[in-house]
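Engineer: Below: one structure in structure tokens.
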Amino acid sequence: MTRLFVPRDALSVAVGADELAAALAQACPDATIIRNGSRGMAWLEPLLEVQTESGRIGYGPVEAADVPGLLAAGFLAGGAHPKRIGRPEEMPFLARQTRITFARCGITDPVSLSDYRAHGGLIGLTRALSMGGADIVDELVKSGLRGRGGAGFPTGIKWRTVMQAQAPQKYIVCNADEGDSGTFADRMVMEGDPFLLIEGMIIAGIAVGATQGYVYLRSEYPQAVTAMNQAIAAARQEAVLGAQVLGSAFAFDMEVRVGAGAYVCGEETSLLDSLEGKRGQVRAKPPLPALSGFLGRPTVVNNVLSLAAVPDILAGGAAAYQALGVGRSRGTMPVQLAGNIKHGGLFEVPFGITLGELVMEIGGGTASGRPVRAVQVGGPLGAYFPPALFDTIFDYEAFTARDGLIGHGGIVVFDDTVDMARMARFAMEFCAIESCGKCTPCRIGSTRGVEVLDRIIAGDTGQLGLLADLCETMKFGSLCALGGFTPYPVMSAVRHFPEDFAPRQHALAAE
Amino acid sequence: MQPSSSAAKIAELTADIIAPYLGREGPAMPMLHAIQAAFGFVPQASVPVVANALNLSRAEVHGIVSFYHDFRHAPAGRTVLKLCRAEACQSSGADRVAAHASARLGISWHETTADGAITLEPVFCLGLCAAAPCGMVNDRSVARLDTARLDAILENAR
């Protein structure tokens, strides 16, 4: 029987994958249609694949209206067609990657546990069950894995703190509130390989002695909520989750909790308050969530990508993971290429690649065909970089040294039509909309920032000193990264694109 | 839900809706989501019921409801059109698409057309940033938006 693959990934669905699957079901009633995850080549979505004798052959981007033409071209046997891309894994975009976290994404049926096992799933968990908590934590520490949410804190050290804490109940909380513009790796894991996250959370539970997990998942990701819930149900069915994990003495269960549209809940302490059912306001630290987290109990709060890296570290050993990367940034980073980019999508690569390689060689420059003027790295709180800084290597410390951050690994590309003063104003506006209101520099500073930028845009460049002063206050006086990091996009725009902050008469005269 | 439903009826329904969540850890958010799923918004009359169940004051529950962008205080239009305003979508023409939607519908952000057909709302990132600009039409995500695609969506929603 012919096997066809049409992604169920939210991006693919948003560009017509459901309609394509329906058209294929009608046109090829004998074929089995598998709704896989996305391979991460966004410009080819919906990417239709067909299983042939010479492997899987891809066609993309395919619309429902293309189905009769594809049938006439004999696509069921991999026939020639203008949209035929050949074997997806031989595409340079995929061939250049080192896929560890995303090894299965796009290949398997995301909610089939037997598919997951057949492609190397649960090996890490099986090994973890034979180790003690302390040995698992040691393995994590040795791997050099740092929190992929943005802060880059060593995951193993966080786990050790929770492991050593004494409490009757501990928790694993997965931060799946991926609100940064330009990031979608968490979403792709949850929609394309949800068992990987489940396995990572169970291993974390065994390591620190937690029996309950929560995935705090943003409401903007309905397909991810569905996929995670389906996978959790399947895992319970086969005793991967439950009172005896894989027949062992360990218990672990988990639940998806849906957010409600507050960006600040991606900050771990406001996430915990939201999970407890309160306003999602930031807590002062200390106490650390590791010691006093969900309901005041010891809690591991990790990003989706951090937890999703764990099963492979356990399966392949810390040394193999640690061998990848540069400096203190070890392993791979799923980089997300987004915005005005020709070849956008998910590109997993060891740390150490340059920003220019990612944007120009792999991403192919802008989708509009105009010159790249700026890229924002690390979401709405990340700095804007001009092409002059494209030699910056993807590494936590290298970005810090250039007053930026890699954050969650998102890169948003802008062409030469972008107005950087407007982007700086937007950063302040976004902070004002999303501020939780707890601390003054963020709550008031962001509103004052919008006003100051409005005056600068109106031509009062004498206000630039005031803007710098305000940014200093926000950076050092805010309770969390929302107010504290909003100065990154603002001041990087001022520093690297000063011409956009000059009086506007020149621009008007030139038009 | 009929607009004529009395507060007492809403309170009674609310009690049934939240009952399954009572024993759970941190139940407020799942309760509020369930209430909004049933009524289309979080009615005033639901607030004291939730407050009573969680041993909170009404003011505290109001504080939770009003903190989150998702929770509505009044019903939305029949179709909710959310357009992403975040950076990746801005880089790919989101402002143009939003201006077009606003002009065509004659409403701005957070407003509903006079016939109650469409509510226009901003959203900050749907994770479809490699197919920008994007949005949501009720529960359905749409990407690679341009003014023509938006016109087709608005036609269907009328």
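Where a number appears in this text, it was derived from the coordinates with a stated rule and is not lab data. Only a predicted model underlies this, so the values are computations on that prediction, with no experimental measurement involved. Cβ atoms come from the backbone with ideal geometry, glycine included; neighbour counts cover every protein chain shown.
Engineer: Report, by chain and number, residues whose modeled amide H sits under 5 Å from the one on residue A:253, excluding near sequence neighbours (fewer than 5 apart, same chain).
Structural biologist: A:212, A:213, A:242
Engineer: Nearest 5 percent is fine: what portion of the DSSP beta bridges confined to the protein assembly as shown is antiparallel? Walk me through the intermediate numbers first.
Structural biologist: Working: 36 of 66 bridges.
Percent antiparallel among DSSP bridges in the protein assembly as shown is about 55.
Engineer: Please give the charge dipole size of the protein assembly as shown, origin at the Cα centre, charges +1 on K and R Cβ atoms and -1 on D and E Cβ atoms. Round to the nearest 20 debye. The partial results should precede the final answer.
Structural biologist: Values: 56 positive and 66 negative charges, 165 e Å.
Dipole magnitude for the protein assembly as shown comes out near 800 debye.
Engineer: List the residues, sorted by chain then number, that are 5 or more residues from residue B:125 or on another chain and whose placed amide H is less than 5 Å from its amide H.
Structural biologist: B:85, B:86
Engineer: Hey, what do the phi angles of region A:171-181 turn into as Karplus ³J(HN,Hα) couplings, whole Hz, using 6.51/-1.76/1.60 and θ = phi - 60°, x for Gly and Pro?
Structural biologist: Ordered by residue, 3J(HN,Hα) equals 9, 10, 10, 9, 7, 10, 9, 6, x, 5, 4 Hz.
Engineer: Enumerate the amide H contacts of residue A:372 below 5 Å, restricted to partners 5 or more residues apart or on another chain; note that Pro and chain-start residues carry no placed amide H.
Structural biologist: Distant-sequence amide H within range of residue A:372: A:366.
Engineer: Still on this structure, please answer the following. Please work out the Kirkwood hydrodynamic radius for chain B, using every pair of different C-alpha atoms, and report it in angstroms with one decimal place. List each step's numbers first, then the result.
Structural biologist: Values: mean 1/r = 0.0583 Å⁻¹.
Taking every pair of different Cα atoms in chain B, averaging 1/r and inverting gives 17.1 Å.
Engineer: Now for a different question. For region A:420-510, report the % of Cα-Cα distances exceeding 23 Å.
Structural biologist: On the way: 768 of 4095 pairs.
So the pairs more than 23 Å apart make up 19 percent of the total in region A:420-510.
Engineer: Ignoring solvent entirely, what values of log10 I(q)/I(0) come out of the Debye formula for region A:1-160 at 0.14 Å⁻¹ when each Cα is a single scatterer?
Structural biologist: -0.77
Engineer: Taking the Cα atoms of region A:38-112 alone, what are Rg (to one decimal) and Dmax (as a whole number) in Å?
Structural biologist: Gyration radius and largest Cα-Cα distance of region A:38-112: 12.6, 38 Å.
Engineer: For Cα pairs less than 8 Å apart in space and 6+ apart in sequence, what is the mean separation divided by the residue count of region B:79-157, i.e. the relative contact order in percent? Numbers along the way, then the final one.
Structural biologist: Working: 128 pairs, mean separation 31.0, N = 79.
Taking the mean separation of contacting Cα pairs over the length of region B:79-157, I get 39 percent.
Engineer: Need one number: the % of Cα-Cα pairs in region A:113-322 sitting beyond the 20 Å mark. Working shown, then result.
Structural biologist: On the way: 11440 of 21945 pairs.
Considering region A:113-322, 52 percent of its Cα-Cα pairs are separated by more than 20 Å.
Engineer: Continuing with this model, one more query. In chain A, if every C-alpha pair distance is counted and binned at 20 Å from zero, what percent goes to each bin?
Structural biologist: Going out from 0 Å in 20 Å bins, chain A shows 23, 53, 23, 1 percent.
Engineer: Kindly write out, for region A:475-487 in residue order, the coupling ³J(HN,Hα) from the Karplus curve 6.51 cos²θ - 1.76 cosθ + 1.60 (θ = phi - 60°), rounded to whole Hz, with x marking Gly and Pro.
Structural biologist: Result, rounded to whole Hz: 4, 9, x, 7, 6, 9, 5, 5, x, x, 9, 3, x.
Engineer: Over the residues of region A:321-400, compute the C-alpha Rg and express it relative to 2.2 N^0.38 Å.
Structural biologist: Working: Rg = 12.5 Å, N = 80, 2.2 N^0.38 = 11.6 Å.
Computed over Cα atoms of region A:321-400, the ratio equals 1.07.
Engineer: Right, another one. What percent antiparallel are the DSSP beta bridges of region A:325-415, to the nearest 5? Don't skip to the end; give the middle numbers.
Structural biologist: Working: 16 of 20 bridges.
Expressed as a percentage, antiparallel bridges in region A:325-415 total about 80.
Engineer: Beyond 15 Å, what percent of the Cα pairs of region B:7-67 remain? Working shown, then result.
Structural biologist: Numbers: 724 of 1830 pairs.
It works out to 40 percent of all Cα pairs.
Engineer: Largest first and in whole Å, what are the equivalent-ellipsoid semi-axes of region B:73-138 based on the Cα gyration tensor, each being the root of 5 times an eigenvalue? Each step should come with its number before you reach the end.
Structural biologist: Numbers: eigenvalues 92, 31, 14 Å².
The three semi-axes for region B:73-138 are 21, 13, 8 Å.
Engineer: Follow-up question, since we're still on this one. In straight Cα distance, which lysines are under 28 Å from residue A:475, not counting same-chain residues fewer than 8 positions off?
Structural biologist: Within the straight-line cut-off, residue A:475 pairs with A:158, A:278, A:285, A:438.
Engineer: For region B:8-14, take each phi angle, set θ = phi - 60°, evaluate the Karplus expression 6.51 cos²θ - 1.76 cosθ + 1.60, and give the result in whole Hz per residue in order, putting x for glycine and proline.
Structural biologist: 5, 5, 4, 4, 5, 4, 4
Engineer: With +1 on each Lys and Arg Cβ and -1 on each Asp and Glu Cβ, how big is the dipole of region A:239-316 about its Cα centre, in debye rounded to the nearest 20?
Structural biologist: Values: 6 positive and 7 negative charges, 56 e Å.
Result for region A:239-316 is approximately 260 debye, rounded to the nearest 20.
Engineer: Dipole of the protein assembly as shown (Lys/Arg Cβ +1, Asp/Glu Cβ -1, origin at the Cα centre): which of A:484, A:72, B:39 lies farthest to the positive side?
Structural biologist: A:484
Engineer: Take the alpha carbon atoms of region A:233-262, find their center, do the same for region B:117-158, and report the distance between the two centers in whole angstrom.
Structural biologist: Going from one Cα centre to the other spans 34 Å.
Engineer: How big is the Cα convex hull of region A:90-138 in projection, averaged over all directions, in nm²? Intermediate results must be reported in sequence, preceding the final value.
Structural biologist: Working: hull surface 19.0 nm².
The directionally averaged projection comes out at 4.8 nm².
Engineer: Given all pairs of different Cα atoms, what value in angstroms does the Kirkwood hydrodynamic radius of region A:128-197 take? Can you show the working numbers first?
Structural biologist: Values: mean 1/r = 0.0712 Å⁻¹.
When all Cα pairs of region A:128-197 are included, the Kirkwood radius is 14.0 Å.
Engineer: Roughly what % of DSSP beta bridges within region A:113-322 run antiparallel, to the nearest 5? Could you put the intermediate results ahead of the total?
Structural biologist: Details: 2 of 19 bridges.
Expressed as a percentage, antiparallel bridges in region A:113-322 total about 10.
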